[in-house]
1. So is residue 280 in a loop (DSSP other than H, G, I, E, B) and buried (at least 19 other Cβ atoms within 10 Å of the Cβ) or not?
2. Among the residues of the range 5-33, count how many are without any contact (Cβ under 8 Å) to a residue 40 or more places away in the chain, touching a helix residue (DSSP H, G or I) at 6+ places or on another chain (Cβ under 9 Å) and either assigned to a loop (DSSP other than H, G, I, E, B) or not assigned by TED's automatic domain parsing to the domain that holds residue 143 (or both).
3. Provide a single number: the residues in the range 27-52 that are modelled with pLDDT of 85 or more and among the β-branched types (Val, Ile, Thr).
4. Can you tell me which of (1) touching a Ser or Thr at 6+ places or on another chain (Cβ under 6 Å); (2) within 22 Å of residue 139 (Cα to Cα) is the one residue 37 doesn't meet?
5. Quick check on the range 34-52. Is at least one of its residues surrounded by fewer than 20 Cβ atoms within 10 Å (Cβ to Cβ), of a type in the set (D, E, K, R), closer than 30 Å to residue 168 by Cβ and not assigned by TED's automatic domain parsing to the domain that holds residue 199?
6. Quick one: in the range 195-214, of everything that is farther than 11 Å from residue 171 by Cα and of a type in the set (D, E, K, R), which residue is surrounded by the most Cβ atoms within 10 Å (Cβ to Cβ)?
7. Would you please list the contacts, defined by Cβ atoms under 7 Å and residues six or more apart or on different chains, that run from a residue in the range 236-263 that is in the same structural domain as residue 313 (by TED's automatic domain parsing) and surrounded by 19 or more Cβ atoms within 10 Å (Cβ to Cβ) to a residue that is among the hydroxyl-bearing types (Ser, Thr, Tyr) and at pLDDT 80 or above?
8. Scan the range 110-145 residue by residue and report those that are in contact (Cβ under 8 Å) with a residue 24 or more places away in the chain and more than 21 Å from the chain's Cα centre (by Cα).
Amino acid sequence: MTPAQFLARVKRNEIPPVCLFLGQESYNRRRCREALIAASKGVESEQFDAAETSLNAIVDDARAMSLFATERLIFVIGAETAMPRTSRSTSSDDEDDEPSTTGGLAAGALEAYIKNPTPGVTLIFEVTRWDLEGEDKPKTERARKFFGAIPDVVEFRRFSNDEARAELNRIAREANLKLDPAAAEALVEALAADVARIAVEVEKLSLYGKPITVDDLALLVPDARQSTIFALVNALGRRDRVRSLETLDALVREGEYLPLALTFLATQFRMALVAKEANLRGASQVQSHFQRAGVQMWGSRAEHVSQTAAKFSKEQLERGLKLLFETDRDLRSARPDDRTVVENFVVKLCN
């Protein structure tokens, strides 16, 4: 089901006892989480990390009747880590793409719980590591099959530009923010239709106290171009050639100096390779690792590095760095066409 359908069910108090949240998109997932918490009438939500607690233990906990609460809301984050390793997972990089299990829940035990769930308990499994489309699709389908006993699945797909623009209009109205139409288009494009980030920027822009124009946007959203470059990294990670070239076109129209963008890409790939080789999990581990090495890093940048490391295998990052070196060399040649050179890099990396 879609997030909108799930929210409608929550509003009607038709909450399934067990549900699977599937997909990377975080804005609608947060809305669904908040709706569940609000519908639980003040019941404090609980959270387990499947990387730290086995699904057997989580289900045993869900079966236990609480002495202090008749209703419980339990979120299981990182549920993909409970999936068994596939037979083709032979290298450490494969294991990173296909998580292993440490005494995870047998399919029969999960099915048994779903057939007879504990009254008053809502159990939400969250598989958020992979996109629902592109190169990640086989992995999400594998997750869907592993959790196939769960009948209620909410799919969190990335917003299209049009959908992001419509959601931006709704968020801006709620925040009493007036956005010039051109500024709204620019914000959606600059943040690559990432509605979670758009919502954060709208909250900040609402403090400006007057209508926002395109010129205001350039001053008030200083990381907009960096966000577009990160959108390029994401599209490259999905081997989405069309989206990659569209994002590159957006950078050119923004007036981005392509050799500088290439430098940012190379830095992103190098940091992601370090994170991959150190087997770092999540933004907090990435941030701590680099800060211990004397490299200052904001939380948002650590999140970008973590996501890039998740998108690419070690071999792909190494190949990407080699192609970036060749592209940088070509940009330094006599009278290069910067855009053509970088487009050639995009096409090679997406092959």
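1. Judged against the criteria, residue 280 is a match.
2. 2
3. Going through the range 27-52 one residue at a time, the tally reaches 1.
4. (2)
5. yes
6. 197
7. 236/244; 237/308; 262/327
8. 110, 111, 113, 114, 117, 118, 120, 121, 122, 123
The values are calculated or read from the model by the stated rules, or taken from the named source; none is laboratory data. Computed from a prediction, not measured in an experiment: that's the story for all the values here. Ideal geometry is used to build each Cβ from the backbone, glycine not excepted, and the neighbour counts take in all protein chains shown.
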